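Each remark here refers to the structure printed beneath this line.
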Protein chains: 2
Amino acid sequence: MRELDVNSKVPLYKQLKNLIFNDIRDGKLKPNQKILTEQEWSEIYQISRMTVRKALAELVDEEVLTKKQGKGTFVQEPKITEDLSNPNSFTNLCKRNGKTSGGRTIKLVLQDATERDVKELQLEPDEQVIRIERIRMADDLPVLLENLFFPGHLKTILAENLDDESLYKILSNKYGLVTGNSVMEFEISECNKYEANYLCIKTGSPLLLVREVVYDQYNRPLHRTKTLIRGDKFKYISPRMKVI
Amino acid sequence: MRELDVNSKVPLYKQLKNLIFNDIRDGKLKPNQKILTEQEWSEIYQISRMTVRKALAELVDEEVLTKKQGKGTFVQEPKITEDLSNPNSFTNLCKRNGKTSGGRTIKLVLQDATERDVKELQLEPDEQVIRIERIRMADDLPVLLENLFFPGHLKTILAENLDDESLYKILSNKYGLVTGNSVMEFEISECNKYEANYLCIKTGSPLLLVREVVYDQYNRPLHRTKTLIRGDKFKYISPRMKVI
């Protein structure tokens, strides 16, 4: 068994942190694996529980470990991180995070516009919307369920074979439309049975709900998106300019 | 009893939407109040359940109503909205959202730096951090629990009477430091017992976890913040430039 060095200048809690961190790096501890309890670490390494607590608390704060209420402490699987200052397609996002992307279209329909569609997409009276519902996978695990709504006059996209890359290509090639600015909204949502089924989680689990209205190069609404994201798998980074 | 007009050009589902919307606007239906079931609406107004379903679905999508799994449909209390393109103090944020802000400092201590502190605040070896933990209230309801960490050399702020407005004023007046850019991270977190206690929610409830490193006018780290936010009370809006 490895021992901690009581004579070292490095505090014991830091030695324990390094030991756990190295075990994760070397694959001895795997993502989502439960680690020893405070008491077990304390007995095995002959250190105080306070020392263990400090080491674990820092690793939780650094998102290396995660505590689950009433279940114990686990190795945190790194979350897929989307940097809003450097937006990317889902395919590229997965690539950057070392994952293989996948996806499947669930719905591709022309439907009546809701009042939200009319307002956000600035539709003509009686104009319908194209709705594309897709499930997106990272390493075969469903991580997000997205609904895209396009103005009905773009309806020839209904005939296309849509995957992640091609959608914007079609808009550019066939319609000369490219994406411009957008406005996003972030909040928490509780998932319903339908969503839970596609995302392989329990009904009622918390999801990140991201809504976005994307404009084209002429600042006209190009589409709106409602995306439900597994909060245990995903996080967002955003720069913001000048606080207060 | 009010009736829906079957001879109107306005579709029945839109008439029902307007009726519910007006009842909320006029205060006949209050925030968080449970509304009638699909079947009850259908019986009372002699309309099909599909019509009711469509009206309720749109109102849920417009965040006027909210569905709670297994509990029914409720009037959604509007969430406090922080616009990241126009950041504001908590006090002003509440004012803009028609709420009265309140707050209480729970901790104000000088403590040893964690490795995260050292890295993000670019601390000197052995420099401590000032930790300020505060609970923030909107209309007397606790909505967020924030922890601010400042480099230890700013420790005279420990002697100050801190409320929302004064902190940045002190930094400006005493140290000539003003806030510049920042980087934020958004994710979902499960609240522990300590946090649940202060936020008056159940242990294990989902929270929005926002981490931020705020830089000063010279682009040096000024403080870092870890804020836990009630997802049922708060949402964020962010512009983003150029998608894909």
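The values are calculated or read from the model by the stated rules, or taken from the named source; none is laboratory data. Computed from a predicted structure; not experimentally measured. Using ideal geometry, Cβ is built from the backbone for each residue, glycine included, and neighbour counts are taken over all protein chains shown. SASA here: full protein model, heavy atoms, side chains in, ligands and nucleic acids out. Shrake-Rupley method; radii C 1.70, N 1.55, O 1.52, S 1.80 Å.
Summary table below
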read-out: Size of the stretch A:157-231 as Cα extents on the principal axes (Å, biggest first); value: 42, 27, 15
read-out: In sequence order, calculated HN-Hα J values of the stretch B:135-146 (Karplus, 6.51, -1.76, 1.60; Hz; x Gly/Pro); value: 9, 10, 10, 10, 6, 6, 9, x, 10, 8, 10, 10
read-out: Using alpha-carbon coordinates, inclination of helix A:166-175 to the longest axis of chain A, degrees; value: 30
read-out: Solvent exposure of the protein assembly as shown as accessible area per residue, Å², 1.4 Å probe; value: 51
read-out: Of all chain A residues, the one whose C-beta is nearest the axis that brings A onto B, in angstrom; value: A:PRO206, 2
read-out: Chains B and A, summed buried accessible surface - 1.4 Å probe, Å², nearest 100; value: 5000
read-out: Drop in accessible area of at least 30 Å² in the complex versus isolated chain, residues of the stretch B:108-131, 1.4 Å probe; value: B:THR114, B:GLU115, B:ARG116
read-out: Largest to smallest principal axis extent of the C-alpha atoms in the protein assembly as shown, angstrom; value: 87, 49, 44
read-out: Amide hydrogen neighbours beyond the local backbone of A:GLY103, cut-off 5 Å, H modeled; value: A:MET137
read-out: Other copies of B:ASN22: label-to-label distances in nm, shortest first, labels 7 Å along the beta-carbon direction; value: 7.3
read-out: Relative contact order (percent, whole number), chain B, Cα cutoff 8 Å, 6+ residue spacing; value: 16
read-out: Out-of-range pairs (alpha-carbon distance over 30 Å; input A:LYS34/B:LYS71; B:LYS155/B:LYS226; B:LYS9/B:LYS71; A:LYS14/B:LYS79; B:LYS28/B:LYS235; A:LYS34/A:LYS99); value: A:LYS34/B:LYS71; B:LYS9/B:LYS71; A:LYS14/B:LYS79
read-out: Residues with amide H under 5 Å from that of B:GLN76, placed H, sequence gap 5 or more; value: B:ASN32, B:LEU65, B:THR66
read-out: Degrees between helix B:12-25 axis and first principal axis of chain B (Cα, 0 to 90, nearest 10); value: 50
read-out: Sulfur and carbon atoms: percent of accessible area, chain A [1.4 Å]; value: 50
read-out: Amide H contacts of B:ARG240 (H built 1.01 Å from N, under 5 Å, at least 5 apart or other chain); value: A:SER182, A:VAL183, A:MET184
read-out: Karplus (6.51, -1.76, 1.60) ³J(HN,Hα), θ = phi - 60°, over the stretch A:54-68, in Hz, Gly and Pro reported as x; value: 5, 4, 5, 4, 5, 5, 5, 4, 8, 6, 8, 10, 9, 9, 10
read-out: Largest-first ellipsoid semi-axes for the stretch B:80-237, taking √(5λ) over the Cα gyration tensor eigenvalues, angstrom; value: 25, 18, 15
read-out: Other copies of A:GLN217: label-to-label distances in nm, shortest first, labels 7 Å along the beta-carbon direction; value: 4.0
read-out: Calculated SAXS-style log₁₀ I(q)/I(0) at q = 0.15, 0.30 Å⁻¹ - the stretch A:12-75, Debye, Cα scatterers; value: -0.39, -1.54
read-out: Other-copy label distances relative to B:ALA57, 7 angstrom Cα-Cβ extension, nm; value: 5.0
